[in-house]
1. Determine the per residue accessible area of the stretch 4-147 with all protein chains present and a 1.4 angstrom probe, expressed in square angstrom.
2. Rounded to the nearest 500 deg cm²/dmol, what is the calculated helix-only ellipticity per residue at 222 nm for the chain, with -39500 (n - 2.57) per DSSP H run of length n ≥ 4?
3. Could you work out what % of the accessible surface of the stretch 74-137 is carbon and sulfur, using a 1.4 angstrom probe and leaving DNA, RNA and ligands out of the count?
4. If I take all pairs of Cα atoms in the stretch 57-196, what percentage of them are more than 22 Å from each other?
5. Taking amide H positions as placed 1.01 Å from N in the peptide plane, with prolines and chain starts having none, which residues 5 or more places from G64, or on another chain, fall under 5 Å of its amide H?
6. From the square roots a ≥ b ≥ c of the eigenvalues of the alpha-carbon gyration tensor of the stretch 1-73, which class results: rounded (a/c under 1.5), prolate (a/b over b/c), or oblate?
7. With +1 on each Lys and Arg Cβ and -1 on each Asp and Glu Cβ, how big is the dipole of the stretch 1-103 about its Cα centre, in debye rounded to the nearest 20?
8. Mind ordering 136-145, 56-65, 162-171 by average Cβ neighbours within 10 Å, highest first?
Amino acid sequence: MASPMSASKFLDILRDEGVTVVEVGNWRTHNRNHKGPWGPVHGVMIHHTVTSGTANTVRIVRDGYAGLPGPLCHGMIAKNGTVHLVGYGRANHAGNGDDDVLRAVIAEKALPPDNEANTDGNRHFYGFECENLGNGTDPWPTAQLEAIERVSAAICRQHNWGAPSVIGHLEWQPGKVDPRGFSMKSMRARIHDRLK
């Protein structure tokens, strides 16, 4: 069980990990905390956006859209590896997912199939949206994959978590496919190596 770090600490650990960060507007206080608690936090969740164009994508994940207000994540990882911080606190990224998956993340054990949507993930996960069409053919540039690795490792290091604390949306919520185009198993291996 971990309390979320402060926004300033979050920014510091990302920069210390070598992440290029852009602060977007009032990101430190832009959140959905009035809809419920944020924390305890247990892991990091990775998504793809199904959008193209960095400026457009930043706007969408910051502001949201009809029926799903922003922020839709804490940071948006662009194709060039830059991380745009758009919110901090509770964010509309994870939705309801499987309590068995959450227990496995907490225990850092192998993930069971996600076959329920009975637990509030927005409360328990840091979320990163990644600029990608999500069609399985849109490329994932080296810089972008490295940024996913770095942000995940930075958060894991801060909370004393291992790579099993990083999951994809597809491993949390039935019917989700993101991130599509690389495997979370391979990403966790990269994060593991970085944490050594």
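The values are calculated or read from the model by the stated rules, or taken from the named source; none is laboratory data. As the structure is a computational prediction, the values presented were derived from the model and not from experiment. Note that each Cβ is placed from the backbone with ideal geometry, even for glycine, and that neighbours are counted across all protein chains shown. With ligands, DNA and RNA removed, areas are computed over all heavy atoms of the protein, side chains included. Shrake-Rupley method; radii C 1.70, N 1.55, O 1.52, S 1.80 Å.
1. The answer is 41 Å² per residue.
2. Numbers: 5 runs with 59 residues, N = 196.
Per the formula, -9500 deg cm²/dmol.
3. With neighbouring chains kept in place, the figure for the stretch 74-137 is 47 percent.
4. Every Cα pair in the stretch 57-196 considered, those over 22 Å come to 35 percent.
5. Amide H to amide H, under 5 Å and 5 or more residues apart or across chains, G64 pairs with G70, L72.
6. oblate
7. 280
8. 162-171, 56-65, 136-145
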